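Below is one structure, written out as structure tokens; comments come after it.
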Amino acid sequence: FPVTIAPRSGAKNSQAPCVLLTLQHGYDGSYEQFKNILPNGFMHDALIGLIKDRTDLNWLIKPHPVQLSSSESMCALFRFLYDTCSGSSNVFYLNSPLFDPVDLLRLCSVHVTMMSSTVVEASLLRIHSLCLCPTLKPGGAMQAAFASARRDGFFHHAPLDSTSISNALDRILAMSSKGKICYREFRELESLLPSAACVCENILSLKAGG
């Protein structure tokens, strides 16, 4: 597999904010507390619809390492991603478990996940995470998770519907115009570690080639 699986057609807006979307293992029924949250085991329909609708954002999708641990699981994941998102010119997939989340976060303005531990790294970099797993809400089984990110104001939660997720993203991104978070343009490569720069150059080359 190459570093990224590119969209089928279209030109990407390299100046748009980039969203790091980290997928998570366990929603396929392998963990009791996560059963029936994601019917397809990978991504909620509300988020799929939002990715297609929010063409003003670039989406960088990072699978969980377990999802890339065997040829069978990898093929299942990328077949799903290709079928659901590959027609969108603003969506990119990482298909290697070797990329450090910190490298990738430095490309992005906001982090979206069900409840990936990348929330911890993001908060240390002062990047906001929007979490979607219903177990994280008050009264949920995981309501105490990410205590430091919650305390420091870098944890946000939204229910699994497109409107709520989109509105929460807009609120977070609006903070950049008020100086509360650092806005990251997609072309800023100088401070990135080599692996992240490689990813970014690969993505930007699509625009030049288009």
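Side notes on the structure shown:
- In this structure the amide hydrogen of Y93, modeled in the peptide plane, comes within under 5 Å of the amide hydrogens of I5, I61, none closer than 5 places in sequence on its chain.
- Kirkwood hydrodynamic radius over Cα pairs of segment 44-100, then Stokes diffusion coefficient at 37 °C and 0.692 mPa s, in µm²/s: 274 µm²/s
- The trypsin sites (Lys or Arg not before Pro) of segment 103-159 that meet both conditions, a loop assignment by DSSP and at most 16 other Cβ atoms within 10 Å of the site Cβ, are R126.
- If the segment from R151 to S70 were pulled out straight at 0.36 nm per residue, it would be longer than the present Cα-Cα gap by 25.4 nm.
- For segment 27-133: accessible area per residue (Å², 1.4 Å): 39 Å²
- Largest to smallest accessible area among H128, H157 [probe 1.4 Å]: H157, H128
- Under the simplified labelling scheme, the A174-E32 pair shows an inter-label distance of 4.2 nm, with each label point 7 Å from Cα along Cα→Cβ.
- Contour excess over end-to-end distance, with Cα ends at A141 and V102 and 0.36 nm allotted per residue: 11.3 nm
- Whole-Hz ³J(HN,Hα) from phi, Karplus 6.51 cos²θ - 1.76 cosθ + 1.60, for segment 155-170, glycine and proline x: 9, 9, 10, 9, x, 7, 9, 4, 5, 5, 5, 4, 5, 5, 4, 4
- Of the trypsin sites (Lys or Arg not before Pro) in segment 19-54, the ones in a loop by DSSP (not H, G, I, E or B) with at most 13 other beta carbons within 10 Å are K35.
- Modelled FRET efficiency - R0 45 Å, V120 with D83, Cβ distances, 0.05 increments: 0.90
The values are calculated or read from the model by the stated rules, or taken from the named source; none is laboratory data. Keep in mind that what you see is a predicted model, and the values were worked out from it rather than measured. Note: ideal-geometry Cβ built from the backbone for every residue, glycine included; neighbour counts use all protein chains shown. Note: areas computed on protein heavy atoms with side chains; ligands, DNA, RNA excluded. Shrake-Rupley method; radii C 1.70, N 1.55, O 1.52, S 1.80 Å.
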